[in-house]
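Encoded as structure tokens, the structure appears first; notes follow it.
The values are calculated or read from the model by the stated rules, or taken from the named source; none is laboratory data. Fair warning: this is a prediction, and the values are worked out from it, not measured in the lab. Here the Cβ positions follow ideal geometry from the backbone for every residue, glycine too, while neighbour counts run over all protein chains shown. For the accessible areas, the whole protein counts, side chains as well, though only heavy atoms, and no ligand, DNA or RNA atoms are used. Shrake-Rupley method; radii C 1.70, N 1.55, O 1.52, S 1.80 Å.
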Amino acid sequence: MIKTMTVLGSTGSIGVQALDVARLTGIEITALTSNVRIDILENQIREFRPAFAAVADEEKAEELKIRVADTGTKILPGYSGVLECASLKTDTLLNSLVGIAGLLPTVRAIEAGNRIALANKETLVAGGDTVINLAKERRVDILPVDSEHSAIFQSMQGCPDKKQIKKLILTASGGPFFGKKADELKDVTAEQALKHPNWSMGAKITIDSATMMNKGLEIIEAARLFDMPEDRIDVLVHRQSIVHSLVEYEDNSVIAQLGVPDMRIPIQYALTYPDRFKSPVRELNLAQARTLTFEEPDSETFRCPGYCREALRRGGLYTAAVNAANEKANELFRAGKIRFGDISESVEAALGYTLDKGNHTVEDILALDSEIRKKTEEMWQ
Ligand code: MG
């Protein structure tokens with residue numbers, strides 16, 4: 001069991017829940033980081049007494065430095081401060097940053113030899129083989145925090161040979177617009193899209209869930225984490241969010257992980273793996289749940305997962321490109337600047353560029369990311 005951990009994005013939804021786990025299991029905190037929420041971060045510093053904390057917003061960092069001067073925690077300003085925290089030696093680095101901002105900190109943490117508990121899916125979507133190969137080279141484990149990938153990882157325990165796995169089945173809640181058709185969705189607002197039926201999550205991922213881009217990103221994430229081709233990763237809509245994902249084996253046996261929809265289960269497993277501990281999460285009562293339903297996703301209405309599959313088949317920088325287009329479009333939609341349907345059009349447009357399919361560095365990926373964001377913004381001006 002790990003003794004120390006750093007949490008990147010400690011004031012976000014996953015970060016706060018990760019600290020709940022730390023409190024219960026006695027894991028000590030090496031460093032914490034936040035973008036701007038220094039009130040919450042101050043409380044966390046006073047409770048967990050990390051050696052370092054970083055605030056991406058430099059003015060807020062200065063303010064916090066004064067407020068916690070009595071604690072002995074050193075405050076590092078800016079994104080460089082976040083990277084410095086990621087580089088500190090610790091048993092596990094939990095990366096719950098949102099978007100492409102999570103890529104470089106993961107790389108720094110792998111270079112420092114820290115085990116990664118990964119909640120930032122963009123690290124693997126944009127970073128692709130570059131990140132996976134670096135982790136292999138440094139013998140660093142990447143443990144999934146995303147509930148679907150944790151379910152697959154848990155359903156693979158006890159499988160001696162990965163060749164015996166036939167396919168992975170990701171479940172999807174379907175989001176707030178399940179059952180609707182494209183023409184009914186053209187003009188839905190960010191406010192409507194932000195109402196997720198089962199999970200409470202940050203704003204970016206909740207919109208991704210409404211467009212089902214989240215499932216597309218998760219197909220790419222699963223392909224990279226478990227070294228599976230795209231055509232062996234299925235998606236099933238499961239409205240109750242109780243079966244978190246499944247693994248089908250050569251003998252047609254299917255193993256799944258079930259539980260109430262509460263991120264503290266996958267977060268805790270990533271931190272305590274291979275052990276399990278008591279959790280504050282509610283017990284699953286299947287008799288009360290009564291019905292579990294499964295159905296095919298509507299890929300005509302929700303086109304983003306198909307675009308993500310295409311990016312994965314092409315390889316190279318294409319997965320970074322669809323991710324960048326989506327991140328920008330998601331942001332523009334939340335700002336009220338584009339319509340809901342424009343998000344998937346932006347993602348489709350990213351497949352229209354001719355991109356390098358060979359090996360690439362993290363710098364190449366970040367350069368492409370800025371370029372695609374710019375093009376996506378220009379597309380809607
Ligand atoms: Mg998920």
**Message:** Are there strands (runs of 3 or more DSSP E) fully within region 231-319 with at least 3 residues that are within 30 Å of Glu184 (Cβ to Cβ)? List them.
**Reply:** 233-237, 243-249
**The lone exception for Arg23 - which of (1) in contact with a Ser or Thr (Cβ under 9 Å, 6 or more places away or on another chain); (2) under 21 Å from Lys278 (Cβ atoms); (3) surrounded by fewer than 21 Cβ atoms within 10 Å (Cβ to Cβ) it fails** = (1)
**Asked** What pairs can you find where one residue is in region 70-93 and closer than 15 Å to Ala112 by Cα, the other is open to solvent by 70 Å² or more (accessible area, probe 1.4 Å), and their Cβ atoms are less than 6 Å apart, with a gap of 6+ or different chains?
**Response** Leu83/Arg108; Ala86/Arg108; Ser87/Arg108; Asp91/Lys3
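Residues checked against (1) among the hydroxyl-bearing types (Ser, Thr, Tyr); (2) open to solvent by less than 30 Å² (accessible area, probe 1.4 Å); (3) within 12 Å of the ligand (Cβ to nearest atom):
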| residue | (1), (2), (3) |
| --- | --- |
| Ile207 | no, yes, no |
| Ala210 | no, yes, no |
| Ile219 | no, yes, yes |
| Ala223 | no, yes, no |
| Asp227 | no, no, no |
| Glu250 | no, no, no |
| Thr272 | yes, yes, no |
**Item:** Single unsatisfied condition, Pro144 versus (1) touching a His at 6+ places or on another chain (Cβ under 8 Å); (2) within 16 Å of the ligand (Cβ to nearest atom)
**Value:** (1)
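Tell me, please, whether a residue that is surrounded by 14 or more Cβ atoms within 10 Å (Cβ to Cβ), in contact with a strand residue (DSSP E or B) (Cβ under 6 Å, 6 or more places away or on another chain) and modelled with pLDDT of 90 or more can be found in region 176-191.
At the first step, the residues of region 176-191 found to be surrounded by 14 or more Cβ atoms within 10 Å (Cβ to Cβ) are 176-178, 180, 182, 185, 188, 190.
Filter once more, keeping what is in contact with a strand residue (DSSP E or B) (Cβ under 6 Å, 6 or more places away or on another chain): none.
For region 176-191, residues surrounded by 14 or more Cβ atoms within 10 Å (Cβ to Cβ), in contact with a strand residue (DSSP E or B) (Cβ under 6 Å, 6 or more places away or on another chain) and modelled with pLDDT of 90 or more: absent.
Taking the conditions exactly as written (open to solvent by less than 30 Å² (accessible area, probe 1.4 Å) and over 26 Å from Pro105 (Cβ atoms)), does Asp369 satisfy them or not?
no
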